[in-house]
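> Following this message is one structure expressed as structure tokens.
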Amino acid sequence: MEQKQKLELTWIGKGDEPVIEPRILIENPNYSYGDPDSENMLIHGDNLLALKALEQDYTGKVKCIYIDPPYNTGSAFEQYDDNLEHSIWLSLMRSRLDILFRLLKEDGLIFIQIDDREHAYLKVLCDEIMGRKNFICNFIWEARSGQGNTVNHIAEQHEYILCYAKSSTNAKFKRIENIANSGNYVDEFGSYKREQLRQWGQGDKKEDRPTMWYPVISPENTEIYPKRGDGSDGRWRCSKKMMKELLENNNVDFVKNEDGS
């Protein structure tokens, strides 16, 4: 009898993943904090083994999952290898997505962040594991703005968040007012959207664009320099000339941090 064929993504090593034995979580009292009766957990260890340990008690009980896996871009990360060979990356993702999907409640949702390099392959892999009928949507979000190219050819400005449901028929979403065309701030001139003038994401260091590091004079006549989240020197998103025009046209809002700085 001829075997029934199906549409699927295949790669070297698919189906040869090692079988993971059941695992248990052990609390380290030295790192425990807060309400001892809380169900919150911060798990330290290999994520696949951690997921395996969650299976016994949490299968079918998780309402929402968000993961930000390695993009397999060749970028340098201390925490994990972000330049895995393509087939290995797919195998690693498959073994984890299998467990994550089992953890979801019947009305649960999973969100997976990714960029262009593996997006198409990940979509087909998720269709195979979670069912194409359970695909909800593909969120596209602006990861960075501005006109500066971050690659050799075309500027990459957006990334993706794939959304799947455990069961599309059971998934529920709260409807909200569409504010896509209105800004997040309103004054006597209308609505507008605020965006920080410091570059963020790729190429946000002072040494990446030294000419984009310069002081901006605040209303209190103090010098403001672009600082990254870790306190190191960053850079502005625009040149001195453009910044001067923005300031002269009153298109810059000076907003203080919570600490008053």
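The values are calculated or read from the model by the stated rules, or taken from the named source; none is laboratory data. Please read these numbers as outputs of a predicted model, since none were measured by experiment. When we count neighbours, we look across all protein chains shown, and the Cβ atoms used for this are built from the backbone with ideal geometry, even at glycine. Side chains are part of the model used for accessible areas, which takes the heavy atoms of the whole protein and leaves out ligands, DNA and RNA. Shrake-Rupley method; radii C 1.70, N 1.55, O 1.52, S 1.80 Å.
> Six or more apart or on different chains, Cβ under 9 Å: which pairs go from a residue in region 1-30 that's closer than 19 Å to residue 45 by Cα and in contact (Cβ under 8 Å) with a residue 60 or more places away in the chain to one that's surrounded by 10 or more Cβ atoms within 10 Å (Cβ to Cβ) and polar (S, T, N, Q)? Could you list them?
Qualifying pairs under 9 Å: 20/95.
> Considering (1) at pLDDT below 90; (2) part of a loop (DSSP other than H, G, I, E, B); (3) loosely packed, with under 14 Cβ neighbours inside 10 Å, say which one residue 87 fails and leave the rest.
Every condition holds for residue 87 apart from (2).
> Another question, then. Filtering region 234-261 down to residues that are modelled with pLDDT under 85 and of a type in the set (D, E, K, R), which residue is least open to solvent (accessible area, probe 1.4 Å)?
253
> Check every one of the strands (runs of 3 or more DSSP E) wholly within region 138-214 and list those with 1 or more residues that are modelled with pLDDT of 85 or more and within 30 Å of residue 231 (Cα to Cα).
Once the strands (runs of 3 or more DSSP E) in region 138-214 are filtered for at least 1 residues that are modelled with pLDDT of 85 or more and within 30 Å of residue 231 (Cα to Cα), what remains is 158-165.
> Give region 18-72 a look and list any residue that's touching a strand residue (DSSP E or B) at 6+ places or on another chain (Cβ under 9 Å) and open to solvent by 100 Å² or more (accessible area, probe 1.4 Å), or say none.
The answer is 61, 63, 66.
> Of all the residues that make up region 196-221, how many are of a type in the set (S, T, N, Q) and open to solvent by 70 Å² or more (accessible area, probe 1.4 Å)?
So the count comes out to 4.
> Looking at region 60-71, I want the residues that are closer than 18 Å to residue 159 by Cβ and have a partner that is open to solvent by 80 Å² or more (accessible area, probe 1.4 Å) with Cβ atoms under 8 Å, at least 6 apart or on another chain. Which pairs are those?
Close Cβ pairs satisfying both conditions: 70/77; 70/80; 70/81; 71/117.
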